[in-house]
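What follows is a single structure, written as structure tokens, with notes after it.
The values are calculated or read from the model by the stated rules, or taken from the named source; none is laboratory data. Fair warning: this is a prediction, and the values are worked out from it, not measured in the lab. Ideal geometry is used to build each Cβ from the backbone, glycine not excepted, and the neighbour counts take in all protein chains shown. The area values use the complete protein model at the heavy-atom level, side chains included, leaving out ligands, DNA and RNA. Shrake-Rupley method; radii C 1.70, N 1.55, O 1.52, S 1.80 Å.
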Amino acid sequence: EEYRIRFADKAYAHLTGSGVYTPVKCLERCDSRVSEIDTAVIAESARWGDAKSESAYTKDDDWWPEVQTVRDLFFPNRTYIVIDQLKNANLYPTIKSPDVKTTEGILEESQYSLNSSTNISIENPNSTGTIYYTLNDEDPRLIGGEISSSASEMDDGEEMEISYSTIIKARIYNNGNWSALKHITFIGQQDDYSNLKVTELHYHPADHIEGIDTISGKDLE
């Protein structure tokens with residue numbers, strides 16, 4: 001169970017919002033690689049284009065149509081197919097994760113700069129369940145599935161003001177089951193660091209050889 005929820009948290013982070021496996025991000029990587037090998041494909045088609053076909057494969061007639069198929073049909077749909085596959089394998093919760101919103105809409109990124117105080121709301125996209133959240137970087141869900149004592153319950157759509165660096169971690173809890181983790185960090189640009197003091201430094205020098213002996217870097221800390 002613990003493995004499944006940790007896997008679900010990672011999968012949710014990468015398959016939704018602006019995650020690396022969302023259609024937009026996959027298309028960006030695809031287009032970058034297509035552009036990178038644009039000229040090399042001509043040489044490849046000249047070298048191998050007629051190896052298994054009487055009429056030679058070419059960049060314009062064969063390569064580009066395949067690229068467009070991947071762009072138009074594969075990536076736009078693949079992310080959601082994978083999510084369904086993970087759900088069927090019990091590796092992705094059927095309970096939807098909470099939405100964190102401002103007046104401009106749902107926040108999709110995992111990190112935001114905070115130049116001034118802003119109001120956010122946490123909403124439950126499910127028909128049932130309770131929102132639990134923390135502001136201290138702890139998971140609302142304890143190992144074993146219980147509700148953390150540091151977690152707060154929030155009414156659906158309730159607002160809160162964020163005016164300084166804050167880490168929000170939120171889940172939906174319903175009848176013993178949890179959603180994947182919604183994790184958003186707000187970094188305050190106007191935070192006061194005047195009282196911050198560096199009081200200790202840790203440095204580990206590299207090991208070195210003296211004569212025929214190896215001297216541990218620890219001895220020089």
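Results, tabulated for the structure shown:
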item: Residue check, Tyr173 free of Cβ contacts under 8 Å to residues at least 60 places away in the same chain, crowded, with 17+ Cβ neighbours inside 10 Å and either within 19 Å of Gly129 (Cβ to Cβ) or of a type in the set (Phe, Trp, Tyr) (or both); result: yes
item: Qualifying residue in segment 108-128 (condition: within 21 Å of the chain's Cα centre (by Cα), of a type in the set (Val, Ile, Thr) and open to solvent by 80 Å² or more (accessible area, probe 1.4 Å)); result: no
item: Test: Ile120 is more than 26 Å from Glu2 (Cβ to Cβ) and not in a helix (DSSP H, G or I); result: yes
item: Matching entry among Thr94, Thr79 (being surrounded by 11 or more Cβ atoms within 10 Å (Cβ to Cβ), polar (S, T, N, Q) and either touching a Lys or Arg at 6+ places or on another chain (Cβ under 7 Å) or in a helix (DSSP H, G or I) (or both)); result: Thr79
item: Check on Pro125, assigned to a loop (DSSP other than H, G, I, E, B), in contact with a Lys or Arg (Cβ under 7 Å, 6 or more places away or on another chain) and of a type outside the set (A, V, I, L, M, F, W, C); result: yes
item: Among residues of segment 129-149, those that are loosely packed, with under 15 Cβ neighbours inside 10 Å and small (Gly, Ala, Ser), counted; result: 3
item: Selected residue (criterion: least open to solvent (accessible area, probe 1.4 Å)) from residues of segment 17-39 that are free of Cβ contacts under 8 Å to residues at least 12 places away in the same chain and either of a type in the set (A, V, I, L, M, F, W, C) or within 18 Å of Ile184 (Cα to Cα) (or both); result: Gly19
item: Which listed residue, of Ser110, Ser116, is touching a His at 6+ places or on another chain (Cβ under 8 Å) and either of a type outside the set (Val, Ile, Thr) or over 30 Å from Glu153 (Cβ atoms) (or both); result: Ser110
item: The lone exception for Glu54 - which of (1) open to solvent by 90 Å² or more (accessible area, probe 1.4 Å); (2) farther than 24 Å from Lys182 by Cβ; (3) in a helix (DSSP H, G or I) it fails; result: (3)
item: Residues of segment 97-107 satisfying the condition of being part of a loop (DSSP other than H, G, I, E, B) and surrounded by fewer than 16 Cβ atoms within 10 Å (Cβ to Cβ); result: Thr103, Glu104
item: From Ile167, Ile106, residue being free of Cβ contacts under 8 Å to residues at least 12 places away in the same chain, touching a strand residue (DSSP E or B) at 6+ places or on another chain (Cβ under 9 Å) and not small (Gly, Ala, Ser); result: Ile106
item: Residue match in segment 197-204 (condition: surrounded by fewer than 11 Cβ atoms within 10 Å (Cβ to Cβ) and of a type in the set (Phe, Trp, Tyr)); result: yes
item: Single residue of segment 180-204 satisfying the filter (among the hydroxyl-bearing types (Ser, Thr, Tyr) and part of a loop (DSSP other than H, G, I, E, B)) that is farthest from Pro125 (Cα to Cα); result: Tyr203
item: Exclusive hit being among the charged types (D, E, K, R), within 21 Å of the chain's Cα centre (by Cα) and within 29 Å of Met154 (Cβ to Cβ), set Lys96, Lys25; result: Lys96
